[in-house]
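Okay, so here's the structure we're looking at.
The values are calculated or read from the model by the stated rules, or taken from the named source; none is laboratory data. Please read all numbers here as calculations on a predicted model, not as lab measurements. As a convention, Cβ positions derive from the backbone with ideal geometry for all residues, glycine included, and neighbour counts pool all protein chains shown. Note: areas computed on protein heavy atoms with side chains; ligands, DNA, RNA excluded. Shrake-Rupley method; radii C 1.70, N 1.55, O 1.52, S 1.80 Å.
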Amino acid sequence: MTTSQTISSIPFDLRYTLPPVEDIGDTTEEIRDKQEKIRQLCRERSAIVLAHHYQRPEVQEIADFTGDSLGLCQKAAATSSELIVFCGVHFMAETAAILCPDKTVLLPDRRAGCSLAASITADELRAWKARFPDAVVIAYINTSAAVKAESDYCCTSANAAKVVRAVPADRTILFLPDKFLAQVVARQTGRSNIIAYPGYCHVHRMIRAQDVADMMEEHPDIELLLHPECGCVSSCMAKALDGSLPANRTLFLSTEGMLRHINESPAKEFAVGTELGILHGLRKQHPDRAFYPVNPDAVCAFMKTITLDRIIGSLQDLAPQVHVPAEIAARARMAIDRMLQLA
Ligand code: 13P
Ligand code: SF4
């Protein structure tokens with residue numbers, strides 16, 4: 001695998017503004033009242049609330065369904081509700097809008113972006129493709145609709161290796177935008193003709209090898225679960241191979257993959273290397289087990305812009321809505337459908 005040079009001169013960290021993570025400070029009673037208000041508005045408007053695993057606990061609690069990015073979009077497409085309150089980030093709401101063009105998709109806060117999705121634009125992808133005209137383009141689901149529209153396949157962290165294996169072995173792959181996921185996939189598939197875009201998620205990148213080493217020193221018998229976007233994946237994969245990390249207890253899993261794995265694992269202690277929001281559901285579902293964040297600062301400020309107050313405002317005003325232009329949606333849909341056909 002090789003990593004491409006950045007296409008544009010704009011550094012990734014300057015492409016987005018991180019919103020502050022507000023401390024809401026509601027009492028239990030205030031939370032309950034707001035949740036009841038949301039339920040009432042949903043009944044009046046026949047709306048459904050979908051929430052990603054990284055959302056605030058009180059938002060996850062009010063959701064009709066919690067899931068990973070693809071699962072939520074599929075749920076949006078399958079529901080009979082015409083109005084979807086999407087408690088996640090913009091690229092996810094766009095994917096839902098692509099999969100169900102006749103429904104209204106609300107994203108309660110416009111600031112809910114994604115540093116990883118911001119790392120590549122459609123123009124940059126077109127310029128990259130022009131340098132490798134015969135390559136197959138695989139875009140992670142954390143991309144804008146316009147970038148998906150320029151791609152051959154979409155993938156998620158749960159199915160990236162499967163999508164890569166579907167591409168004939170002699171074809172070069174442009175894999176974007178996450179360089180860490182690209183490293184995991186290259187190792188899992190043994191493929192050397194993957195060219196990785198150099199993007200990253202600012203939250204997962206800060207989950208580092210030293211955090212893992214500290215965790216393993218404190219909890220030597222723990223099961224280690226790492227999202228493939230983490231900054232430490234390459235060194236942890238190498239350490240699992242040379243025995244400095246326990247190979248049978250070092251797992252590289254998507255958000256949904258972690259939840260599934262924990263359901264089946266007999267282990268009692270888990271080190272969780274992803275955004276902290278996932279801990280709420282895990283601790284609720286498995287009160288008899290212990291979950292430790294590999295990096296307790298791994299908080300996605302974009303995800304936390306969605307609050308109960310903003311959900312109420314969004315349901316009252318039916319705004320902000322997420323729309324994808326029909327021509328872009330049609331091309332992006334082809335990349336998504338190619339992925340789904342492999343599932
Ligand atoms: P999932 O596809 O696992 O939901 O992940 C999306 C994401 O934003 C990871 O940081
Ligand atoms: Fe994007 Fe990272 Fe936040 Fe996921 S955790 S939404 S990849 S910024």
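What order do you get for 51-58, 21-28 when each peptide is scored by the mean count of other beta carbon atoms within 10 Å, highest first?
Answer by packing, highest mean first, reads 51-58, 21-28.
At 222 nm, what helix-only mean residue ellipticity would the chain give, in deg cm²/dmol to the nearest 500, using -39500 (n - 2.57) for each DSSP H run of four or more? Please report the intermediate quantities before stating the final value.
Working: 15 runs with 145 residues, N = 343.
Taken over the chain, the calculation gives -12500 deg cm²/dmol.
Which value, in Å², gives the accessible area per residue of segment 136-288 when a 1.4 Å probe is used on the protein heavy atoms?
Per-residue value: 37 Å².
Answer rounded, prolate or oblate for the chain, using the Cα gyration tensor with square roots of eigenvalues a ≥ b ≥ c: rounded when a/c is under 1.5, else prolate when a/b is larger than b/c, else oblate.
Verdict is oblate for the chain.
Which order do the peptides 238-251, 268-281 take when ranked by the mean count of other beta-carbon atoms within 10 Å per residue, highest first?
268-281, 238-251
Rounded to the nearest percent, how much of the accessible area of the chain (1.4 Å probe, protein heavy atoms only) is carbon and sulfur?
With neighbouring chains kept in place, the figure for the chain is 50 percent.
Classify segment 124-192: rounded, prolate or oblate, from the alpha-carbon gyration tensor (a ≥ b ≥ c, eigenvalue square roots; a/c under 1.5 rounded; otherwise prolate if a/b is larger than b/c)?
Values: a/c = 1.75, a/b = 1.22, b/c = 1.43.
Because a/c hits 1.5 or more and a/b fails to exceed b/c, segment 124-192 counts as oblate.
Take peptides 153-159, 127-133 and line them up by average Cβ neighbours within 10 Å, highest first, as a rough protection proxy.
Descending packing order for the listed peptides: 153-159, 127-133.
Mind running the shape call on segment 167-325? Use the C-alpha gyration tensor, a ≥ b ≥ c as the square roots of the eigenvalues: rounded below 1.5 for a/c, prolate if a/b tops b/c, oblate otherwise.
Oblate, since a/c reaches 1.5 and b/c is not below a/b.
Normalised by the residues of the chain, what does the relative contact order come to in percent, with Cα pairs under 8 Å and at least six apart?
Relative contact order for the chain comes out at 24 percent.
Which of Ile328, Ile306, Ile84 moves most in a GNM of the chain, Cα contacts under 10 Å?
So, out of Ile328, Ile306, Ile84, the one fluctuating most is Ile328.
If the limit is 25 Å between Cα atoms, which of Lys34/Lys268; Lys75/Lys162; Lys37/Lys103; Lys37/Lys304; Lys239/Lys304 go over it?
Flagged as over cut-off: Lys34/Lys268; Lys239/Lys304.
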